[in-house]
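Below is one structure, written out as structure tokens, with a few remarks after it.
The values are calculated or read from the model by the stated rules, or taken from the named source; none is laboratory data. It should be emphasised that the depicted structure is a prediction, and the values quoted were computed from it without experimental measurement. Reconstructed Cβ throughout: ideal geometry from the backbone, glycine too, with neighbour counts over all protein chains shown.
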Amino acid sequence: MPKRTSKNPDTAKDGSGEALGLRALNRATLERQMLLGRHELPALEAIEHLVGMQAQAPYPPYVGLWTRLDGFRPDGLARLIEERRAVRIALMRNTVHLVSARDCLRLRPLVQPVLDRGLRANRADREGIEGVDLEALVAAGRALLEERPRTARELGELLGERWPERDPSSLARAVRHLVPLVQVPPRGVWGKSGHPTHATAEAWLGRPLDPDPSPEEMVGRYLGAFGPATVKDAQAWSGLTRLGEACERLRPRLSTFWDERGRELFDLPEAPRPDPDTPAPPRFLPEFDNLILSHADRARVIADEHRKAISSRNGMVPATILVDGFVSGTWKAERTRGRATLVIEPFEPLPKEDRDALAEEGERLLRFLAEPEGAETPEIQFAEAQQRPRGAS
């Protein structure tokens with residue numbers, strides 16, 4: 001297991017205010033994201049260290065943990081969800097995250113402003129609840145969801161009986177934004193399927209939300225998983241605004257640096273900042289991986305010219321590959337007639353040694369994806385590079 005406390009003496013002088021280059025930021029972030037080497041950690045501890053894993057789709061967290069942890073198996077995470085020790089709930093950026101039960105209760109109150117803003121962002125939803133007594137709507141939604149878990153459609157239909165002149169889907173979405181709701185199993189369980197079905201976090205976990213959550217603690221944990229980082233980085237990750245105030249309150253306990261553009265970076269004094277030349281092995285990241293989504297300036301993990309290749313109007317983020325620590329292409333797995341195929345599409349032509357390393361890691365990924373049925377015949381395919389190499393004529 002890689003040491004989590006190692007620091008490069010040339011770039012880790014506490015409070016030195018020195019500059020950190022792009023590769024220094026890349027290697028620091030990869031180490032904290034457990035991507036420089038697989039770690040021997042329990043899945044729940046890893047999820048808490050990462051401050052949750054984005055999880056709009058059910059399976060990306062499984063792949064995200066496999067690529068970070070030594071010996072990870074999907075049934076370990078499935079048990080955490082079934083035993084209510086980990087839950088799927090809308091949190092940072094108003095997106096579904098897989099978090100520990102403890103983090104669900106302490107993070108959800110902090111991000112309520114993000115969900116409030118999300119409720120009003122859609123004109124149709126905003127107009128759909130205009131004039132509705134929101135306190136009464138929240139109380140009615142809570143009562144229905146504490147009676148038993150329900151899908152959004154079921155919830156909307158029942159709420160529509162009380163507010164028949166309103167759009168049922170708008171009523172259900174309002175409750176989703178105003179009440180902390182978890183998606184209950186079998187949703188999110190490896191090998192199972194089911195429509196998103198919700199219960200209140202308090203009823204599902206049998207505990208109340210944290211009555212006094214700490215923004216400073218949240219920022220500190222963000223730095224531990226994604227730093228060094230600017231205030232805008234922390235805000236991009238969380239969806240919150242005015243986190244500069246929390247950073248100022250933390251400043252006496254933090255180290256400060258500068259990036260190549262002269263922006264101030266905050267960091268935990270004892271957080272690892274490896275040498276920029278530390279080797280970074282090839283890695284396969286799942287869809288929506290937070291490594292790609294948690295900084296205002298994402299150049300530390302993906303070049304600006306490549307961001308368009310993973311951007312879409314509907315907010316989908318494809319599964320990606322890391323080569324030398326940077327996002328260098330996308331991948332997808334296909335299973336047909338007993339054959340498992342991994343298709344790798346690089347942004348630029350890759351050297352043979354990188355292709356070989358990706359192929360070796362890709363075969364391990366296919367074996368993981370085949371669980372529990374067992375290994376299928378693996379095949380690795382490299383699609384044509386999405387763009388010509390820089391400098392090509």
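The criterion of at least 1 residues that are acidic (Asp, Glu), farther than 30 Å from residue 214 by Cβ and modelled with pLDDT of 95 or more is met, among strands (runs of 3 or more DSSP E) falling completely within segment 237-352, by 339-346. Restricting 149, 186, 180 to residues that are buried (at least 20 other Cβ atoms within 10 Å of the Cβ), more than 30 Å from residue 235 (Cα to Cα), at pLDDT 95 or above and touching a Ser or Thr at 6+ places or on another chain (Cβ under 9 Å) narrows the list to 149. Residue count for segment 183-230, restricted to those that are of a type in the set (Asp, Glu), out of contact with any Pro (no Cβ under 8 Å at 6 or more places or on another chain) and not in a helix (DSSP H, G or I): 1. Among residues of segment 20-34 that are under 19 Å from residue 262 (Cα atoms), those with a Cβ under 7 angstrom from a residue that is in a helix (DSSP H, G or I) and among the aliphatic types (A, V, I, L, M), sequence gap 6+ or separate chain, pair up as 22/299. If the condition is being assigned to a helix (DSSP H, G or I) and in contact with a strand residue (DSSP E or B) (Cβ under 7 Å, 6 or more places away or on another chain), then segment 139-151 contributes 142, 144, 145, 146.
How many residues does segment 1-51 contain that are at pLDDT 95 or above and exposed (fewer than 14 other Cβ atoms within 10 Å of the Cβ)? Residues that pass the stated criteria total 4. Scanning segment 84-120 for residues that are of a type in the set (Lys, Arg) and either touching a Phe, Trp or Tyr at 6+ places or on another chain (Cβ under 8 Å) or within 20 Å of residue 56 (Cβ to Cβ) (or both) turns up 84, 88, 93, 108, 117.
For segment 52-138, please list each of the helices (runs of 4 or more DSSP H) lying entirely inside it that holds at least 2 residues being surrounded by fewer than 19 Cβ atoms within 10 Å (Cβ to Cβ) and out of contact with any Leu (no Cβ under 9 Å at 6 or more places or on another chain).
On the way: elements: 60-66, 74-82, 101-107, 112-121, 123-128.
Hits in segment 52-138: 74-82, 112-121, 123-128.
Filtering 146, 157, 130 for residues that are among the acidic types (Asp, Glu) and touching a residue at least 12 places away in the same chain (Cβ under 8 Å) leaves a single hit, 146.
Could you check segment 209-225 and list, in sequence order, the residues that are out of contact with any helix residue (DSSP H, G or I) (no Cβ under 6 Å at 6 or more places or on another chain) and hydrophobic (A, V, I, L, M, F, W, C)? First the steps, then the outcome.
To start, the set of residues in segment 209-225 that are out of contact with any helix residue (DSSP H, G or I) (no Cβ under 6 Å at 6 or more places or on another chain) comprises 211-212, 214, 217-218, 220-221, 223-224.
Hits for segment 209-225 are 218, 223.
Whenever a residue of segment 73-95 is at negative phi and touching a residue at least 12 places away in the same chain (Cβ under 8 Å), its partners that are in a strand (DSSP E or B) and small (Gly, Ala, Ser), lying with C-beta atoms within less than 6 angstrom and at least six residues away or across chains, give the pairs 80/86; 86/100.
Just for segment 329-375: of the residues that are aliphatic (A, V, I, L, M) and under 19 Å from residue 74 (Cβ atoms), which one is surrounded by the fewest Cβ atoms within 10 Å (Cβ to Cβ)?
So in segment 329-375, the residues aliphatic (A, V, I, L, M) come out as 333, 340, 342-344, 350, 357-359, 365-366, 369-370, 375.
Adding the requirement that they be under 19 Å from residue 74 (Cβ atoms) leaves 333, 340, 342, 365-366, 369-370, 375.
Working: 333: 17, 340: 20, 342: 22, 365: 22, 366: 20, 369: 19, 370: 15, 375: 12.
By that ranking, first place goes to 375.
From the list 288, 284, 266, the lone residue that is on the phi > 0 side of the Ramachandran plot, in contact with a helix residue (DSSP H, G or I) (Cβ under 7 Å, 6 or more places away or on another chain), touching a residue at least 12 places away in the same chain (Cβ under 8 Å) and among the aromatic types (Phe, Trp, Tyr) is 288. Of 41, 98, all but one fail to be free of Cβ contacts under 8 Å to residues at least 60 places away in the same chain, aliphatic (A, V, I, L, M) and not assigned by TED's automatic domain parsing to the domain that holds residue 227; the exception is 41.
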